[in-house]
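Below is one structure, written out as structure tokens; comments come after it.
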Amino acid sequence: MGDVVIFFVHPNREFGRRSGEGYMTETFDIERYLDNSRKVELRDLALHRATDFPISADEVRCLTYMMDIESHTMLYLKGLLRTCAVHDPEVMAFLHCWVYEEFFHGRALQQFLQSADVEIRTSRVKDVHHERTWRESIEEFGAATLCRFLGDFAAVYLVWGAVQELSTIEGYGILARRTHNPILRDLLQRLIKDERRHFSFYFNKARPLLNSVTAQRLTAWTLRRFWTPVGQGVKTSAETQWTMKYVFEGSEGLLAAERIDSMIARLPGLAELRLLSTMRARSLRESQEQLWYYLPTHEHRRSS
């Protein structure tokens with residue numbers, strides 16, 4: 001049976017290692033993943049004690065954002081099913097488990113927030129769906145169209161997924177280290193375990209597709225031009241801006257952005273692709289007093 005890459009997120013450590021070894025494997029055992037896929041376990045998590053410990057208003061706002069994105073995964077899947085990426089049987093198999101696990105991530109965050117006396121409307125998922133921007137729908141349609149003519153476009157999806165999963169891992173890790181609520185910390189650490197496996201799939205699946213120089217160039221160009229942080233399009237730009245600032249501000253956020261870029265740079269042809277660091281640097285240039293002063297739009301990038 002092949003190896004599964006296990007990714008650890010620590011501010012002073014390397015990402016990848018296997019069963020205690022100091023290196024990263026280059027395979028993903030899809031059968032092992034499918035056999036072990038399950039919803040995040042909460043039965044032994046003392047959610048009833050969530051109110052016994054502090055949770056800040058900013059934590060609630062950030063967790064609500066993350067809950068909305070995790071709960072929105074089914075609509076991401078709807079877009080993916082229109083693309084060339086699903087022609088691969090392993091991708092299709094993975095997506096079945098991925099959407100299941102992500103749904104329960106959103107549900108777990110909702111259960112924690114409700115246990116912490118945060119009111120969540122029953123119509124929350126429906127309301128978030130209606131708030132999707134027109135750009136997200138247009139880009140989904142454009143990507144699906146390009147897939148019909150460019151077989152290498154599948155690499156774009158896989159690398160994009162790797163960046164988003166890795167950003168989620170780092171975001172949850174930062175929140176877990178900051179919080180004074182041990183129940184929340186435990187929950188986030190459980191979610192991170194699933195996100196590591198998701199990242200491992202995207203990363204290792206993208207690697208062989210990027211052996212093509214065309215795929216490398218297409219992927220780098222597309223991500224530089226169109227990549228946006230996790231949640232933008234589902235959430236408003238203002239809400240995404242606030243969340244990115246809250247999670248990635250300060251020295252800890254800088255290190256996290258650099259780790260993400262460093263890991264993605266290990267993929268063939270993407271050594272110069274520094275998405276997180278570039279966006280952060282642009283924010284610094286705009287305001288020395290506030291990191292992530294604004295979230296650049298696609299129009300800003302094109303005009304630049």
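Taken together, the values in this text are just the output of simple stated rules run on the coordinates, not laboratory data. Being a predicted model, the structure only gives us computed values, none of them experimental. Glycine also receives a Cβ, built like all others from the backbone with ideal geometry; neighbour counts cover every protein chain displayed.
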Quick one: Asp44, Asp68, fewest Cβ neighbours within 10 Å first, how do they rank?
-> Asp44, Asp68
State the extension gain, in nm to one decimal, for the chain segment bounded by Glu119 and Arg49, taking 0.36 nm per residue of separation less the distance between their alpha-carbons.
-> 23.5 nm
Would you mind calculating the gained length between Arg107 and Arg266 on full extension (0.36 nm times residue separation, minus the Cα-Cα distance), in nm to one decimal?
-> 53.9 nm
Hand me the chymotrypsin sites (Phe, Trp or Tyr not before Pro) from the range 190-222 located in a DSSP loop with no more than 11 other Cβ atoms within 10 Å, in residue order please.
-> none
For the pair Thr214 and Glu258, the simple spin-label estimate (label points 7 Å beyond Cα toward Cβ) gives in nm 3.8 nm
Residue-wise HN-Hα coupling along the range 257-262, computed from phi with Karplus coefficients 6.51, -1.76, 1.60 (Hz; x: Gly, Pro) | 4, 5, 5, 4, 4, 5
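Which FRET efficiency value, to the nearest 0.05, is calculated for Glu41 and Lys78 with the Förster distance at 30 angstrom and r the Cβ-Cβ distance? Walk me through the numbers on the way to the answer.
Numbers: r = 28 Å, r/R0 = 0.92.
In this case the efficiency is close to 0.65.
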